[in-house]
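Novice: Take a look at this one; I'll ask things after.
Readers should treat all values here as calculations from the given coordinates under stated rules, not as data from a laboratory. Not measured: the values here are computed from a predicted model. Quick reminder, even Gly has a Cβ in these numbers, built from the backbone with ideal geometry, and neighbours come from all protein chains shown.
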Amino acid sequence: MNKIIKKAIMLVLCVSAYYSQAQSNQNAHKSMNQEEEKVMQVITKMTAAFHKKDIDGIMSTYEPSAVVVFEPENPISNKKELKEMFMEAFVINPKFTYSGHEVFVTGDSAIHLAPWTMLGMAPDGTKIEQSGLSIAVLRKQEDGSWLMIFDNPHGQYLMDKN
């Protein structure tokens with residue numbers, strides 16, 4: 001291949017990568033409409049309640065029959081078990097941060113996607129760090145509020161598995 005063609009290919013790849021990154025940044029910072037903002041408020045409320053170890057605050061962001069995937073391939077929908085799992089997680093004093101959020105709403109359904117990182121500390125002082133992709137499905141309630149019906153913080157599991 002001659003030098004001109006190689007340079008042209010490199011230029012196309014660079015421009016393509018830049019355009020792709022610019023589109024990604026634009027989507028990450030797009031302004032949200034009112035319903036998308038309401039969905040984000042639920043996610044923010046749940047995360048804040050989790051950091052405060054407020055089990056009632058956490059549970060108030062879920063429908064009574066919601067499914068949460070604390071471990072890949074192990075969904076839990078029993079309310080008592082959900083509370084126990086959240087309370088067990090409090091032991092490591094986890095703090096979550098998100099590197100971005102995407103919210104999509106159609107009718108009375110919404111999906112929230114967010115890459116996250118968690119830092120915690122085991123009782124023996126060992127630092128714990130995890131990361132993943134959160135996928136939450138929410139449903140609009142009769143009063144116009146939103147609640148989670150499905151919460152999977154391990155949305156990247158199938159990709160990592162291979």
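Novice: What nm value, rounded to one decimal, do you get for the distance between Y98 and I55 when each label is placed 7 Å out toward the C-beta?
Specialist: 2.5 nm
Novice: Given points 7 Å out from each Cα along the Cα-Cβ axis, report the N162 to N78 separation in nanometres with one decimal.
Specialist: 3.5 nm
Novice: Also, quick follow-up: Expressed in nm to one decimal, what extension gain is obtained for the pair R139 and A48 from 0.36 nm per residue of sequence separation less their Cα-Cα distance?
Specialist: Length gained, R139 through A48: 30.7 nm.
Novice: Return the subset of K80/K161; K79/K127; K52/K161; K83/K140 for which the Cα-Cα distance in this structure is over 25 Å, preserving the input order.
Specialist: Going by Cα-Cα distance, K80/K161; K79/K127; K52/K161 fall outside the 25 Å limit.
Novice: Further question on the same structure: Determine which aspartates and glutamates satisfy two conditions relative to K95: a Cα distance under 13 Å, and not lying fewer than 8 residues away in the same chain.
Specialist: The reachable aspartates and glutamates, counting only those whose Cα sits under 13 Å from K95, are E129.
Novice: Stretch D108-S65 to full length: gain in nm at 0.36 nm per residue minus the Cα-Cα span?
Specialist: 13.8 nm
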